[in-house]
Amino acid sequence: MRLSLGRTRSLLRSKRIAFLPVSREASQNSVRWAREKGVPANDAMIGVAMVEMADVVYTLDEDHFGKLEEYGVKILNPVKL
C-alpha cells in the first residue's frame, strides 16, 4: 500500500515517531552484516541501531534477526511471551 503525500507528512510529523541518528560506522556495519548474513539491509540497519541504542529487538522475524545474534543483536518474539 502506498502512502499519499498528506499521509506521509502526517506520519513524519507524528509525535509517536522518533528518528534515531545513524552514524557512518553504523551504516557501514549494516551493509557488511547484510552481505555476510544474507539479510535485508533494513533489517541489518535495525539490528545495528538496536545494538547501539537498545537491549533487544522485538520482532516476529526470528529468521533474519536470528542471523545477526553473533553481532550482539538480541531478539524477543512478543508472540512467544
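The numbers here are math on the coordinates, done by the rules we state, and not lab data. Just so it is clear, the model here is predicted, and its values are computed rather than measured. Heads up, the Cβs are rebuilt from the backbone with ideal geometry, glycines too, and the neighbour counts pull from every protein chain shown.
Observations on the model:
- Looking across the range 8-36, the residues that are more than 16 Å from the chain's Cα centre (by Cα) and surrounded by 11 or more Cβ atoms within 10 Å (Cβ to Cβ) come down to 8, 9, 10, 11, 36.
- Members of the range 37-55 that are loosely packed, with under 13 Cβ neighbours inside 10 Å and assigned to a helix (DSSP H, G or I): 42, 53
- Among (1) at positive phi; (2) in contact with a helix residue (DSSP H, G or I) (Cβ under 6 Å, 6 or more places away or on another chain); (3) among the small types (Gly, Ala, Ser) - the single one residue 38 does not satisfy: (2)
- Among the residues of the range 56-81, the ones that are in a helix (DSSP H, G or I), more than 10 Å from the chain's Cα centre (by Cα) and in contact (Cβ under 8 Å) with a residue 12 or more places away in the chain come to 5 in all.
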